[in-house]
Amino acid sequence: MGKVRIAGFSVSLDGFGAGAEQSLNDPLGKRGPELMQWFFPTKVFRAMQGQEVSGEDTADDIFARRAMEGNGAWILGRNMFGPVRGPWPDDSWKGWWGEEPPYHVPTFVLTHHARDPIVMKGGTTFYFVTDGIESALEKAKRAAGDKHVRIGGGVSTARQYLQAGLVDSVHLAMAPVMLGRGENLLAGLDLPSLGFSVKEHVATEAATHVVLER
């Protein structure tokens, strides 16, 4: 049976999952890429970029691969899909990822503004959900079957699902940096009261990987 999970979610030591001032030029916000330095060298990321992949797996490789495997559907917030705010001005924006996004399964985007589905190369279809997080999760579970539903972010979306008690498993990649400002994933979240405990933790040079489960 698949889980509802947050996986490969990078945060700073002070709990920020994205930098401030997200824009077309800074999709992760100012200094946001500093959180992802564990991921960029991995085989998973290099393969996404069409780069050569070889050599033995590092711990970062293993966690990156685990985060991408077994997902039958994804859920994204509007900000994760792109920088466009308010009503869609047209149908030109199709995500940050070009013609072939990295999801390869049905992907549900939370928004207040309706839009027709977008079929992309590689098996990704973006569906736009306007009636809340529970509805998006119901649709994603139906699409995923016995595979996982991955809550892809951004921070606000992950927090909503955590606060609602709808997440089974969380993998945080804690980068050895402090952002000081941006979007904080952990502020005010009482994860033990939500039933989470630490099941696994592995430190590398670029991140400390912590797996929490209910």
Exercise for the section: Could you list, in sequence order, all residues of the stretch 87-110 that are open to solvent by less than 20 Å² (accessible area, probe 1.4 Å) and farther than 26 Å from Gly70 by Cβ? Expected result: none
Exercise for the section: Look through the stretch 22-55, keep the residues that are of a type in the set (D, E, K, R) and more than 23 Å from Lys94 (Cβ to Cβ), and return whichever of them is most open to solvent (accessible area, probe 1.4 Å). Expected result: Glu52
Practice task
Might you check whether a residue that is touching a helix residue (DSSP H, G or I) at 6+ places or on another chain (Cβ under 8 Å), touching a residue at least 12 places away in the same chain (Cβ under 8 Å) and assigned to a loop (DSSP other than H, G, I, E, B) occurs anywhere in the stretch 140-158?
Solution key: yes
Exercise for the section: Go through the stretch 45-81 residue by residue and tally those that are at pLDDT below 95 and at positive phi. Expected result: 2
Completion exercise
In the set Leu35, Leu24, Leu28, the lone residue that is in a loop (DSSP other than H, G, I, E, B), closer than 27 Å to Pro106 by Cα and under 17 Å from the mean Cα position of the chain (by Cα) is Leu28
Completion exercise
His201: passes all of (1) open to solvent by less than 60 Å² (accessible area, probe 1.4 Å); (2) in contact with a strand residue (DSSP E or B) (Cβ under 8 Å, 6 or more places away or on another chain); (3) modelled with pLDDT of 95 or more but (1)
Practice task
Select from the stretch 175-196 the residues that are outside any loop (DSSP other than H, G, I, E, B) and open to solvent by 50 Å² or more (accessible area, probe 1.4 Å) and list them in ascending order.
Solution key: Glu183
Practice task
Go through (1) in a loop (DSSP other than H, G, I, E, B); (2) open to solvent by 30 Å² or more (accessible area, probe 1.4 Å) and name the single condition Val167 misses.
Solution key: (2)
Completion exercise
Given the conditions (1) part of a loop (DSSP other than H, G, I, E, B); (2) in contact (Cβ under 8 Å) with a residue 24 or more places away in the chain; (3) not small (Gly, Ala, Ser), every one holds for Val109 apart from (1)
Practice task
Taking only the stretch 140-164 into account, find how many residues are within 16 Å of Arg214 (Cα to Cα) and either surrounded by fewer than 17 Cβ atoms within 10 Å (Cβ to Cβ) or of a type in the set (S, T, N, Q) (or both).
Solution key: 2
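The values are calculated or read from the model by the stated rules, or taken from the named source; none is laboratory data. Note that the structure is a prediction, hence the values are computed from the model and not measured. Neighbour counts run over all protein chains shown; Cβ positions are idealised from the backbone, glycine included. Remember, those area values only see protein heavy atoms, side chains included, never the ligands or the DNA or RNA. Shrake-Rupley method; radii C 1.70, N 1.55, O 1.52, S 1.80 Å.
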